[in-house]
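Peer 1: Please find one structure pasted underneath; my questions will follow.
The values are calculated or read from the model by the stated rules, or taken from the named source; none is laboratory data. Since this is a predicted model, take the numbers as computed values, not measurements. Only protein heavy atoms, including side chains, enter the accessible area calculation; ligands, DNA and RNA are left aside. Shrake-Rupley method; radii C 1.70, N 1.55, O 1.52, S 1.80 Å.
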Amino acid sequence: MSRRRITPEELKLWQQVARTADRLDPEKSRDTPRSLQPSTRKSPERTKPELPQFEIGQKAGTPSNRHDTLPGLPERLARQPLQMDKRTNTRLKRGKVEPEARIDLHGMTLAQAQPALTGFILRAQAQGKRLVLVITGKGRNNDTGGPIPTRHGVLRHAVPQWLGAAPLSGLVLQITQAHVRHGGGGAYYVYLRRNR
(Lines give C-alpha, C1' and ligand atoms only; values in the text may rest on other atoms or scores of the structure.)
Protein backbone atom coordinates (compact mmCIF):
# COMPACT_ATOMS: atom_id res chain seq x y z
CA MET A 1 0.00 0.00 0.00
CA SER A 2 1.56 3.35 -1.00
CA ARG A 3 1.55 6.34 1.32
CA ARG A 4 -0.66 9.30 0.46
CA ARG A 5 1.19 12.49 -0.53
CA ILE A 6 0.50 15.78 1.23
CA THR A 7 -1.28 18.37 -0.86
CA PRO A 8 -0.01 21.99 -1.03
CA GLU A 9 -3.10 23.15 0.95
CA GLU A 10 -2.34 20.71 3.76
CA LEU A 11 1.30 21.85 3.84
CA LYS A 12 0.22 25.51 4.09
CA LEU A 13 -2.10 24.67 6.99
CA TRP A 14 0.69 22.74 8.74
CA GLN A 15 3.09 25.65 8.42
CA GLN A 16 0.51 27.98 10.03
CA VAL A 17 0.07 25.57 12.95
CA ALA A 18 3.84 25.09 13.27
CA ARG A 19 4.41 28.87 13.59
CA THR A 20 2.10 29.07 16.62
CA ALA A 21 3.66 26.12 18.45
CA ASP A 22 6.68 26.33 20.76
CA ARG A 23 9.60 24.17 19.69
CA LEU A 24 10.74 21.56 22.23
CA ASP A 25 14.33 21.58 20.97
CA PRO A 26 15.29 25.07 19.70
CA GLU A 27 18.66 23.77 18.44
CA LYS A 28 17.05 21.90 15.57
CA SER A 29 16.43 23.75 12.32
CA ARG A 30 13.12 25.39 11.61
CA ASP A 31 12.81 23.75 8.19
CA THR A 32 9.74 21.80 7.31
CA PRO A 33 10.29 18.11 7.94
CA ARG A 34 11.12 16.20 4.79
CA SER A 35 8.18 13.83 5.25
CA LEU A 36 5.76 16.78 5.09
CA GLN A 37 7.12 18.32 1.90
CA PRO A 38 4.99 17.70 -1.18
CA SER A 39 6.45 15.19 -3.55
CA THR A 40 7.62 16.50 -6.91
CA ARG A 41 9.08 13.17 -8.03
CA LYS A 42 7.21 11.00 -10.44
CA SER A 43 6.90 7.37 -9.53
CA PRO A 44 8.97 5.15 -11.84
CA GLU A 45 6.98 3.64 -14.65
CA ARG A 46 6.57 -0.07 -14.34
CA THR A 47 7.36 -2.05 -17.44
CA LYS A 48 5.15 -4.99 -18.18
CA PRO A 49 6.93 -8.22 -19.07
CA GLU A 50 6.75 -9.21 -22.70
CA LEU A 51 4.31 -12.03 -23.36
CA PRO A 52 4.77 -14.39 -26.28
CA GLN A 53 2.50 -13.76 -29.23
CA PHE A 54 -0.68 -15.85 -29.10
CA GLU A 55 -3.25 -16.27 -31.83
CA ILE A 56 -6.77 -17.65 -31.64
CA GLY A 57 -6.80 -21.37 -32.37
CA GLN A 58 -3.18 -21.86 -31.34
CA LYS A 59 -2.49 -24.61 -28.77
CA ALA A 60 -1.53 -23.42 -25.30
CA GLY A 61 1.54 -25.65 -25.15
CA THR A 62 3.30 -28.36 -27.02
CA PRO A 63 2.71 -32.00 -26.05
CA SER A 64 6.28 -32.08 -24.70
CA ASN A 65 5.24 -29.60 -21.99
CA ARG A 66 4.21 -31.67 -19.00
CA HIS A 67 1.26 -30.48 -16.92
CA ASP A 68 1.96 -32.91 -14.10
CA THR A 69 3.75 -31.23 -11.21
CA LEU A 70 4.58 -34.52 -9.53
CA PRO A 71 7.70 -36.38 -10.56
CA GLY A 72 7.09 -39.28 -12.90
CA LEU A 73 5.78 -42.56 -11.52
CA PRO A 74 9.09 -44.47 -11.90
CA GLU A 75 10.91 -41.71 -9.97
CA ARG A 76 8.33 -41.74 -7.17
CA LEU A 77 8.57 -45.53 -6.82
CA ALA A 78 12.37 -45.39 -6.86
CA ARG A 79 12.37 -42.76 -4.06
CA GLN A 80 10.39 -44.98 -1.70
CA PRO A 81 12.48 -46.35 1.15
CA LEU A 82 13.66 -49.91 0.60
CA GLN A 83 11.56 -52.32 2.71
CA MET A 84 12.87 -55.59 1.27
CA ASP A 85 16.38 -56.98 1.59
CA LYS A 86 18.98 -55.43 -0.71
CA ARG A 87 20.04 -58.69 -2.34
CA THR A 88 16.51 -59.51 -3.48
CA ASN A 89 15.99 -55.94 -4.69
CA THR A 90 19.19 -56.07 -6.76
CA ARG A 91 18.14 -59.38 -8.31
CA LEU A 92 14.69 -57.90 -9.10
CA LYS A 93 16.22 -54.90 -10.87
CA ARG A 94 18.31 -57.24 -13.02
CA GLY A 95 15.32 -59.44 -13.87
CA LYS A 96 16.89 -62.50 -12.19
CA VAL A 97 13.87 -63.37 -10.01
CA GLU A 98 10.80 -65.02 -11.53
CA PRO A 99 7.43 -63.91 -10.15
CA GLU A 100 5.42 -66.69 -8.50
CA ALA A 101 2.11 -65.43 -9.95
CA ARG A 102 0.93 -62.79 -12.38
CA ILE A 103 -2.22 -60.86 -13.24
CA ASP A 104 -2.84 -59.01 -16.48
CA LEU A 105 -5.12 -55.96 -16.15
CA HIS A 106 -4.85 -55.00 -19.86
CA GLY A 107 -8.13 -53.79 -21.31
CA MET A 108 -9.93 -53.59 -17.96
CA THR A 109 -11.68 -50.48 -16.73
CA LEU A 110 -10.82 -49.04 -13.32
CA ALA A 111 -14.05 -50.53 -11.92
CA GLN A 112 -13.09 -54.01 -13.18
CA ALA A 113 -9.38 -53.82 -12.37
CA GLN A 114 -9.53 -52.82 -8.70
CA PRO A 115 -11.55 -55.81 -7.43
CA ALA A 116 -9.56 -58.16 -9.67
CA LEU A 117 -6.28 -56.84 -8.24
CA THR A 118 -7.55 -56.94 -4.64
CA GLY A 119 -8.68 -60.57 -4.96
CA PHE A 120 -5.44 -61.57 -6.68
CA ILE A 121 -3.22 -60.03 -3.97
CA LEU A 122 -5.32 -61.48 -1.12
CA ARG A 123 -5.17 -64.99 -2.67
CA ALA A 124 -1.44 -64.77 -3.41
CA GLN A 125 -0.63 -63.68 0.14
CA ALA A 126 -2.87 -66.42 1.61
CA GLN A 127 -0.98 -68.98 -0.52
CA GLY A 128 2.35 -67.76 0.90
CA LYS A 129 3.63 -66.22 -2.34
CA ARG A 130 6.20 -63.42 -1.95
CA LEU A 131 6.66 -61.95 -5.43
CA VAL A 132 3.85 -61.34 -7.89
CA LEU A 133 3.71 -59.47 -11.18
CA VAL A 134 0.92 -56.99 -11.93
CA ILE A 135 0.72 -56.11 -15.63
CA THR A 136 -1.04 -52.80 -16.31
CA GLY A 137 0.20 -51.89 -19.76
CA LYS A 138 1.78 -48.54 -20.52
CA GLY A 139 -1.48 -46.90 -21.54
CA ARG A 140 -2.25 -44.54 -24.39
CA ASN A 141 -1.15 -40.94 -24.48
CA ASN A 142 -4.40 -39.04 -25.07
CA ASP A 143 -3.08 -35.64 -23.90
CA THR A 144 -3.68 -33.10 -26.64
CA GLY A 145 -1.87 -30.28 -24.82
CA GLY A 146 -5.11 -28.61 -23.77
CA PRO A 147 -5.70 -26.77 -20.52
CA ILE A 148 -6.97 -29.87 -18.71
CA PRO A 149 -4.32 -32.60 -18.73
CA THR A 150 -5.20 -36.23 -19.27
CA ARG A 151 -3.13 -38.84 -17.51
CA HIS A 152 -0.98 -41.23 -19.55
CA GLY A 153 -1.76 -44.81 -18.46
CA VAL A 154 -4.66 -44.59 -16.02
CA LEU A 155 -4.24 -48.15 -14.69
CA ARG A 156 -0.49 -47.69 -14.43
CA HIS A 157 -1.06 -44.76 -12.04
CA ALA A 158 -3.97 -46.28 -10.14
CA VAL A 159 -2.38 -49.63 -9.22
CA PRO A 160 0.29 -48.23 -6.82
CA GLN A 161 -2.42 -46.17 -5.10
CA TRP A 162 -4.63 -49.23 -4.68
CA LEU A 163 -1.73 -51.28 -3.34
CA GLY A 164 -0.93 -48.53 -0.82
CA ALA A 165 -4.51 -48.33 0.52
CA ALA A 166 -6.56 -50.70 2.69
CA PRO A 167 -7.04 -53.68 2.56
CA LEU A 168 -3.81 -54.27 0.58
CA SER A 169 -1.42 -51.85 2.32
CA GLY A 170 -0.81 -54.27 5.20
CA LEU A 171 0.07 -57.11 2.80
CA VAL A 172 2.41 -55.25 0.42
CA LEU A 173 6.03 -54.75 1.45
CA GLN A 174 7.42 -53.12 -1.72
CA ILE A 175 6.30 -52.03 -5.19
CA THR A 176 8.90 -51.62 -7.94
CA GLN A 177 8.78 -51.24 -11.67
CA ALA A 178 9.28 -54.55 -13.45
CA HIS A 179 12.37 -55.47 -15.44
CA VAL A 180 12.07 -55.22 -19.23
CA ARG A 181 11.85 -59.04 -19.39
CA HIS A 182 8.62 -58.87 -17.40
CA GLY A 183 6.99 -55.80 -18.94
CA GLY A 184 9.18 -52.83 -17.95
CA GLY A 185 7.19 -49.62 -17.50
CA GLY A 186 3.91 -51.44 -18.06
CA ALA A 187 4.21 -53.82 -15.10
CA TYR A 188 5.03 -53.86 -11.38
CA TYR A 189 6.71 -56.32 -9.09
CA VAL A 190 4.73 -56.52 -5.86
CA TYR A 191 6.73 -57.98 -2.99
CA LEU A 192 4.37 -59.32 -0.33
CA ARG A 193 4.88 -59.69 3.41
CA ARG A 194 5.29 -63.15 4.91
CA ASN A 195 2.19 -64.98 6.17
CA ARG A 196 1.94 -64.89 9.95
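Peer 1: For region 73-196, place one equal point scatterer on every Cα, skip the solvent, and apply the Debye formula. What is log10 of I(q)/I(0) at q = 0.16 Å⁻¹?
Peer 2: Results for region 73-196 at q = 0.16 Å⁻¹ read -0.76.
Peer 1: By accessible area of protein heavy atoms, probe 1.4 Å, what ranking do Met108, Met84 get, highest first?
Peer 2: Sorted by accessible area, descending: Met108, Met84.
Peer 1: Right, something else. Give me the accessible area of Glu98, 1.4 Å probe, in Å² rounded to the nearest 10.
Peer 2: Probe radius 1.4 Å; accessible area of Glu98 about 100 Å².
Peer 1: Which value, in Å² rounded to 10, gives the accessible area of Thr47 with a 1.4 Å probe and all protein chains present?
Peer 2: Only protein atoms counted, so the area is about 120 Å².
Peer 1: How much accessible surface does Leu13 have with a 1.4 Å probe, in Å² rounded to 10?
Peer 2: The accessible area comes out at roughly 100 Å².
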